[in-house]
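Before any comments, here is the structure.
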Amino acid sequence: KDKIYVVAGDVFWWKGGEEQLTDKKSLLEKKDALAVDEKALRKSRQDILAVADFIIPGHGKMFEVFE
């Protein structure tokens, strides 16, 4: 099976020096002080996590999706 890579922009991002936790629970619960609509952001995150094998975030290192 081909792997699916998602360029997620600022749906997922970390500040410089911030620990990059990439398990699904941490990704869904990560707060974003700049988000205008937290509910829509969480839905976008869920949608991406449902299809991606790897995510390229807006800021931070590419990571593999795992539980």
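List of remarks:
- When L34, L49, L41, L27 are screened for being aliphatic (A, V, I, L, M), in contact with a strand residue (DSSP E or B) (Cβ under 9 Å, 6 or more places away or on another chain) and surrounded by fewer than 11 Cβ atoms within 10 Å (Cβ to Cβ), only L34 passes.
For (1) without any contact (Cβ under 8 Å) to a residue 40 or more places away in the chain; (2) touching a helix residue (DSSP H, G or I) at 6+ places or on another chain (Cβ under 9 Å), each residue gets a yes or a no:
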position: T22; (1), (2): no, no
position: K31; (1), (2): yes, yes
position: L34; (1), (2): yes, no
position: K43; (1), (2): yes, no
position: A50; (1), (2): yes, no
position: E67; (1), (2): no, yes
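- Candidates are the residues of segment 4-24 that are farther than 13 Å from F63 by Cβ and of a type in the set (D, E, K, R); the one that is least open to solvent (accessible area, probe 1.4 Å) is E18.
This table checks each residue for (1) touching a Phe, Trp or Tyr at 6+ places or on another chain (Cβ under 6 Å); (2) modelled with pLDDT of 90 or more; (3) on the phi < 0 side of the Ramachandran plot.
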| site | (1), (2), (3) |
| --- | --- |
| F12 | no, yes, yes |
| D23 | no, yes, yes |
| A33 | no, no, yes |
| A40 | no, yes, yes |
| A50 | no, yes, yes |
| H59 | yes, yes, yes |
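The values are calculated or read from the model by the stated rules, or taken from the named source; none is laboratory data. A quick note: this is a predicted structure, and the numbers were derived from the prediction, not measured. When we count neighbours, we look across all protein chains shown, and the Cβ atoms used for this are built from the backbone with ideal geometry, even at glycine. Remember, those area values only see protein heavy atoms, side chains included, never the ligands or the DNA or RNA. Shrake-Rupley method; radii C 1.70, N 1.55, O 1.52, S 1.80 Å.
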